[in-house]
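What follows is one structure encoded as structure tokens, with my remarks underneath.
Coordinate-derived values only; no laboratory data. Every value quoted in this text rests on a predicted model; they were computed, and no experiment measured them. When we count neighbours, we look across all protein chains shown, and the Cβ atoms used for this are built from the backbone with ideal geometry, even at glycine.
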Amino acid sequence: MLFKEERTGVPPNMKFDKFVDALQALVPNGPPSLIGCKKLDIAANVVFAAGVVIKGDVKIVNSSGALKTVEAGEYADTTITL
């Protein structure tokens, strides 16, 4: 695992509604950048596109049950509803 100096050794607070062994399926294009992330809450059936940057406190919600994609872009202090 790579550690970034910017995080000063402190990982973001992350909450997932999936088991850890299923997390690899969330990031088929590579994981999002979490360098500026304080808290990430994923209550959704999602995958991440390449080029996603998470900053601050972000919650991802998908109540449809269908698999949705978090598109490339920067998401900061927001709730993403898919």
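With the simple model of a label 7 Å out from the Cα in the direction of the Cβ, residue 74 to residue 39 spans 2.2 nm. Pairs of Lys residues in the stretch 25-79 are counted when their Cα atoms are under 12 angstrom apart and they lie 8 or more places apart or on different chains; the count is 4.
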